[in-house]
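Have a look at the structure below, then the notes.
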Amino acid sequence: MFADDSPDAGKRRAVVQLYYLPTQYFSSKKSQLRNLRRYQLIFLLGLAASLVYLLMMDAFVSRKKRKLSFHSPRQEETVEQISMLSVPDDESTDYKLALLSSLHPDINQQVLLDVLLEHEGKVEKASSSLADATSSSAALPKKSSGAVGYQSSLSKFVASDDSSASPTKRSKLMSKKGKTLHLYAPEDVAAHTPCSIIHNFLPVDEANELLKELLEEAPTFERMTFKLFDNVVSSPHTACFYVEGLEEQKAQKTEYIYNGDLLTDVRQLTPEMRKVSPRVQEAVNREIATRIKTHYPNGQKLKYQSSAPWRPNAAFVNCYNGGAESVGYHSDQLTYLGPRAVIGSISLGVAREFRVRQIIPQDSDSKEKSKDSADAEGQIAIHLPHNSLLVMHAEMQETWKHSIAPAQAIDPHPISGNRRINITYRDYKASLHPKFTPKCKCNVPTVLRVVQRKRENWGRYFWMCHAGNVPGKEGCTFFEWAEFDDDGEPIWKDR
Ligand SMILES: [Zn+2]
């Protein structure tokens, strides 16, 4: 909400600057001059609608503070109130970044993103802090290092004047508000993020064959579309969904709902993907066992985490073609995976930065985040080279967000050129087939979410309407707490 402090002059300035954004934003597409004016108009209308929406949300948020308590589940009466129990995916980061970039064209995207995050996504605050910094000639880095590779250890990056620091103390030093901590070594990734990584995962030839096969698939991948405020926007990368067999393919196309809609393009696993699946399964289960032993309280699996072996029966494949293609901060949807889901993610081709940041719940009565929790929300970049397997562990989706950051510079890969291919293997639970999950007032199977923002009911799961994400539809106010047994299997009441 970038009009948070609402000085009118500031708002006017932002609106005036907005007008100049589209030309710059689309200027690289020389061949589309005819469409340019139409895009400009749509873009302007969209941004104007977003501004109005954000101003309304400001008013809404201040009203809510007085009236709402989250002790009772039935007090969330509007779609917005229900949505705000969890932290929404930050799809708007690209817009905010584009806006900030138009205001500060000579500062690189990396710095802009960091400053944006430092100011909790508020463009106006970020912008004035950048203006202050530039006018006082404080040096802002103009160009970040595009180099992506291995580093032997994190110790190079952390001041080592306190070698006696306890592990807790060390991890406290780790992430800092407004700064990005870069991790390369597997032991650092495991220690400071909810992930673990295996470098050089597949035999060299097998990784290359898999990459080549998916590069042939990728040109027909599509951009996912979703609704941002009242606009239909498409994701800044392409993707496709793969399942095991014909039966699953049919079910996915006709029964499973994503962002309030059916997927039109669902494919069966390719031969190379099938070949790799057992290796992924074996490695992920091994990583889960290690994680439980070394990271979880009393060496026990987490509550709601499945005790059955992890089985990769579906995969989203993403293609990032060039450094500008990216994905904003989000958590993966748990609707069909259940609570405490584990996801195995193979990276192929160009190495990119996978960024993670923790969501710290806030006390309902404290407006300001404490410095410690703001630091804990600082972002961490995990470098994902060709042929690496990243495991997102059971503690990840509920309390962390992740993204693929736009890259200023990339090192082309000998096989894939500018492209990164990413296979994210998932374990779809039969017990969470949409025929079992609650349907909302729109008669659409609901989406599973978790309370992330408020300490009250923090970590509790709930079912809510998908339809708010569908272009042309309003969501309904359906709300139901979701109940699971210790293994994360759903418990259905009244059935
Ligand atoms: Zn609904």
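Apply the Karplus curve 6.51 cos²θ - 1.76 cosθ + 1.60, θ = phi - 60°, to the phi angles in region 237-251 and return the couplings in whole Hz, x for Gly and Pro.
So the Karplus estimates, Gly and Pro as x, are 7, 10, 7, 8, 10, 10, 10, 5, x, 4, 5, 5, 4, 5, 4 Hz.
Under 5 Å between amide H atoms, partner at least 5 residues away or on a different chain: which partners does Arg267 have, H built in plane at 1.01 Å?
Phe241, Tyr242, Val243
Heavy atoms only, probe 1.4 angstrom, no DNA, RNA or ligands counted: give me Glu118, Glu398 ranked by accessible area, highest first.
Output order, biggest surface exposure first: Glu118, Glu398.
Long-range amide H contacts for Ile343: which residues qualify at under 5 Å (H placed 1.01 Å from N, peptide plane, sequence gap of 5 or more or a different chain)?
Those lying under 5 Å, H to H, from Ile343 are Met392.
Past 32 Å, Cα to Cα, is the threshold; run Lys125/Lys253; Lys401/Lys429; Lys122/Lys439; Lys301/Lys441; Lys275/Lys454; Lys122/Lys253 against it and keep the listed order.
Those over the limit are Lys125/Lys253; Lys122/Lys439; Lys301/Lys441; Lys275/Lys454; Lys122/Lys253.
If you take every residue apart from Trp463 with its C-beta less than 11 Å away from the C-beta of Trp463, what net charge results, scoring Lys and Arg +1 and Asp and Glu -1?
Taking every Cβ under 11 Å from that of Trp463, the sum is 0.
For region 177-431, just say rounded, prolate or oblate: build the C-alpha gyration tensor, square-root its eigenvalues into a ≥ b ≥ c, call rounded for a/c under 1.5, and beyond that prolate if a/b exceeds b/c, oblate if not.
Rounded shape, in that the Cα axes give a/c under 1.5.
Taking amide H atoms as placed 1.01 Å from N in the peptide plane, list the residues 5 or more away in sequence, or in a different chain, whose amide H sits under 5 Å from that of Glu480.
Trp463
If you count only protein heavy atoms with a 1.4 Å probe, what accessible area per residue comes out for region 177-431, rounded to a whole Å²?
40 Å²
Mind ranking 328-334, 339-345, 217-223 by how tightly packed they are, going by the mean number of other C-beta atoms within 10 angstrom, highest first? Please list the in-between numbers first.
Working: 328-334: 20.0, 339-345: 24.1, 217-223: 14.4.
Going from most to least packed, we get 339-345, 328-334, 217-223.
May I ask you to evaluate 6.51 cos²θ - 1.76 cosθ + 1.60, the Karplus curve with θ = phi - 60°, for each residue of region 121-131 and list the ³J(HN,Hα) values in order in whole Hz, giving x for glycine and proline?
Those phi angles translate into x, 8, 4, 5, 5, 4, 5, 6, 5, 5, 4 Hz.
Around Leu334, under 9 Å between beta carbons, what's the net of Lys plus Arg minus Asp minus Glu among the other residues?
Summing Lys/Arg as +1 and Asp/Glu as -1 gives 0.
Tell me, what % of the accessible area of region 177-431 is carbon and sulfur with a 1.4 angstrom probe?
Answer for region 177-431: carbon and sulfur cover 50 percent of the accessible area.
The values are calculated or read from the model by the stated rules, or taken from the named source; none is laboratory data. Predicted model only: the values in this text are computed from it and were never measured. Every residue, glycine as well, gets a Cβ built from its backbone with ideal geometry; the counts of neighbours run over all protein chains shown. What goes into the accessible areas is simple: the full protein's heavy atoms, side chains included, and nothing from ligands, DNA or RNA. Shrake-Rupley method; radii C 1.70, N 1.55, O 1.52, S 1.80 Å.
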